[in-house]
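Below is one structure; the comments refer to it alone.
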Amino acid sequence: MPSAFPQRAQVVIVGGGVIGVSIAYHLTKLGWRDVLVLERHAITAGTTWHAAGLITSAGMTDDASLFMSIHSRELYARLEEETGLSTGFRRCGHLHVATIPERVESLRREAAYAKRFGQESHEVGPSEIAELWPIADTSDILRGFYVPVEGRANPYDVAMSLARGARTGGATITEGVSVTGITRDGDRVTGVITDQGTVEAETVVLSAGIWSRQLGDAIGVCVPLQAAEHYYLITEPFGVSPDLPVLEDPSTYGYYREETGGLLVGLFEPDARAWNLEAIPADFAFGEIEPDWERVGPFVDAAMARVPALKNVGVRKFFCGPESFTSDVHPLLGESPEVRGLFTATGLNSLGILLGGGVGAVMADWIVNGHPPMDLGGYTIDRTSPHEATPRFRRDRTVEQLGVLFGDAYAPGWTAATARGVRRSPVHERLVRHGARFDTTTGWEWADFFAGEGQPVPEVAQSWGRQPYWSLVEEEHRAVREAVGLLDMSFMCKFVVEGRDAAAVVDRVVVSDAAGAPVGRVVYTAACHGGGGMWADLTFTRLAEDKFLVVGTDLVSRRLEALLRRAVGDADFATVTDVTAGYALFSVQGPRSRELVSRLTSADLSNEALPYLSSRYADVGYAPQVWVQRVTYVGELGYELHVRADLALGVYDALFESGSDLGLRNVGMSALNGLRIEKGYRDYGHDISNDDTPLSAGIGFVVDWKKAAFPGRDALVRQRDAGTPTERLVNVLLLDPEPLLWHNEDVLHDGEVVGEVEEGAYGYTLGGAVAIATMRHEAGVTADWLAAGRIEVVVDGRPCPARAQLGPLYDPKRERIRA
């Protein structure tokens, strides 16, 4: 081994693409200089070198992606002053066009959202578009949105400038060194193995692009990404100005920018192809893929039709190269759930340059401070599921992902078309019989709504308006409020913690008192990180002195399992078992739920025998040991039945056989969303995430302040002692029954923007759209402040009168759930 090659570093970053050097650069800005970047070939040799270099915020509809795109843009604009190397960034502008009304509405919403971040977007009509892009056929374009400060950069120059900045800050970047493995001691990373020896490290960052999955597999870390073919062509010069704006046209799946006096025309076709499912060759450096003209030719023709002049221009280069894609076209960021200290920053879905500066900033902050600096719930690697790494899933899902990234998923109503049916409830076929329309997350098929047995399932289109199934959802909603409904919640993740030290293990994870909970008690609580933000909200139930059931949303399954397993100390006698697949979860809710379940059990379900937030084993139908919990997520009298999978179908059938005269009906997730928002119940991954604390989320009651220690306690104490939160979730109801709320709509207080909708739905009981919204006020978000102001929510550009309050909009005294 050469003497100059380091044997140890505080942080080792695997991969010298734009992401790796950006993380190194940002770590040095935070004062960490013992940083080593290892690149197998040369900087940019993987996929960075052939990127198109678009610098836009198109499609960015959450805080994290918009921050990362804007941070990248402004960093690239000023980096030359710091490093002396230009990034090639040019503010030529960006024009995003729409040819259908629904997409116009989507782009209009995106522009309004970006305005909160100080970004101005100008809505333009066909004549103005023709002025901005005179060589385009604008005959079918309805509207466009023009952002003058955006543009393009040179990917190679971006990476080189970041690398020089990192080196100047003290980081070491070594090229020509192959990382062949990662070392670990138990569940903690210890370093990397290279062709020049082992390097010890406290932290390892896996930013190896299309090779990341293979390196993760070798150490038992699931990194579900897949390389896909990505095409663009470069024309011969024909007098195109370098100031021509970047043009994105989802209707042709094409993007266009100037390149040396000609055009670069890129594709994100809706019928894509995975590349090298088994493994990416180690020697694939500055590599290209043989183009398949027969497959992509029709898409190229459609894209080129937007610019008629291209018919008479020669093609200088027809390029195909790999880009890594994920199951939901979001990057894989953060600490892996399997190995502590091993971070991933990979799976950029062809947006490595566009997001690279921002990814480096958030990753460096996370590594240094131990938790995400903002809401990264849709980007953390632990949101994914192991099945996403299987060859078949990667092959099938990749087909649609390029089109999805470029705009196929543009409005409510979209759902993935590929790789479906991966995980199914034990009663899935019964739901099909009852006319369920299914959607999917984490591989689970869950019912959105029900058409009824023998009835056609309405077609669902992407739309910001009322869907054809509107009345069906209303019927399900009213069944729960007025009679009884059954919700199949089997997709919820479930873990059993068992053994002598089970109580201590759970207690180390949550902010509530688990050790002191009596047998049979159900506790709603949260698991927080050191900054006080929530890794998850969950319930735990003490099944016995040495046995707990922990339940959370499916989105936190890998994370919650990791938190529980890491809480088991070396001297503890306790096991953590994922029992999700072993139990169905039926939520029976409504004023007649007690009457229904009582018909099938010998157990006493009265208030005296089974009060709210208590539980017990009971026979239900033929099932002898069903765990029955008196809880609700809709604000009604109700029960959750945890039924062994092999007995679940019989229990489901028995409930419907016994409940027909009580008005029992299946209830889907669309109805659930409206029901729970009417009641103000939070939903992790929608209303709350890792940047929300229990106090800012309005669920401070879950915190046991007498508890001496739990993750995030010091931060929460500081927040509590600072007084009323200046940013808080509130419950909102529109007073006009017609407008709908979805997500990201501006909330006004006396005409001033003070927040935004996190999640909206329709409250059929309350007679209007309801939402959980974030609101901000320097003097504190209080009930008096809300009541003293004029509350409005902006829908379709129009302020709509609303009511906002801290407490529930429905049954604020909780009389119905205690009935």
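The range 1-64 and the range 720-770 have Cα centres lying 40 Å from one another. In the distance distribution for the range 216-355, Cα-Cα pairs more than 28 Å apart total 28 percent.
A convex hull fitted to the Cα coordinates of the range 429-506 yields 175 cubic angstrom per residue. The residues of the range 252-365 expose on average 33 square angstrom of accessible surface per residue, using a 1.4 Å probe on protein heavy atoms. For the pair Gln455 and Ser598, what calculated FRET efficiency results from E = 1/(1 + (r/R0)^6), where r is the Cβ-Cβ distance and R0 = 30 Å, to the nearest 0.05? After rounding, the FRET efficiency stands at 0.50.
The apolar share of the surface of the range 63-114, taken as the fraction of accessible area on carbon and sulfur atoms (1.4 Å probe, ligands and nucleic acids excluded), comes to 48 percent. On a per residue basis, the convex hull of the C-alpha atoms belonging to the range 148-298 measures out at 184 Å³.
Simple rule: put +1 on each Lys or Arg Cβ and -1 on each Asp or Glu Cβ in the range 759-819, find the dipole, and look at Tyr810, Ala769, Gly780; the Cα lying farthest toward the positive end is Tyr810. The mean of 1/r over all pairs of different alpha-carbon atoms in the range 130-193, once inverted, gives a Kirkwood hydrodynamic radius of 17.4 Å.
For the chain, what is the calculated [θ] at 222 nm in deg cm²/dmol (nearest 500), taking -39500 (n - 2.57) for each run of four or more DSSP H residues and dividing by its residue count?
-7500 deg cm²/dmol
In debye, nearest 20, what is the charge dipole magnitude of the chain about its Cα centre with +1 on Lys and Arg Cβ and -1 on Asp and Glu Cβ, if you could check? That gives the chain a dipole magnitude of about 1340 debye. Taking the accessible area of the range 221-293, probe 1.4 Å, and keeping the other protein chains in place, the carbon and sulfur fraction comes to 52%. Accessible surface for the range 76-122, divided over its residues, is 46 Å² per residue with a 1.4 Å probe.
For Leu649, the shell of other residues with beta-carbons less than 15 Å away shows a net charge of -1, using +1 for Lys and Arg and -1 for Asp and Glu.
Where q = 0.18, 0.20, 0.27, 0.30 Å⁻¹, what log10 of I(q)/I(0) comes from the Debye formula for the range 569-630, counting one point per Cα? Taking Cα atoms of the range 569-630 as identical point scatterers yields -0.73, -0.84, -1.29, -1.46.
For the pair Leu30 and Ala787, a Förster radius of 41 Å applied to the C-beta separation gives a FRET efficiency near 0.45, rounded to the nearest 0.05.
Each part reduced to its alpha carbon centroid, the range 151-167 and the range 297-323 end up 28 Å apart.
The values are calculated or read from the model by the stated rules, or taken from the named source; none is laboratory data. It should be emphasised that the depicted structure is a prediction, and the values quoted were computed from it without experimental measurement. Every residue, glycine as well, gets a Cβ built from its backbone with ideal geometry; the counts of neighbours run over all protein chains shown. Accessible surface areas use protein heavy atoms only, side chains included; no ligands, DNA or RNA. Shrake-Rupley method; radii C 1.70, N 1.55, O 1.52, S 1.80 Å.
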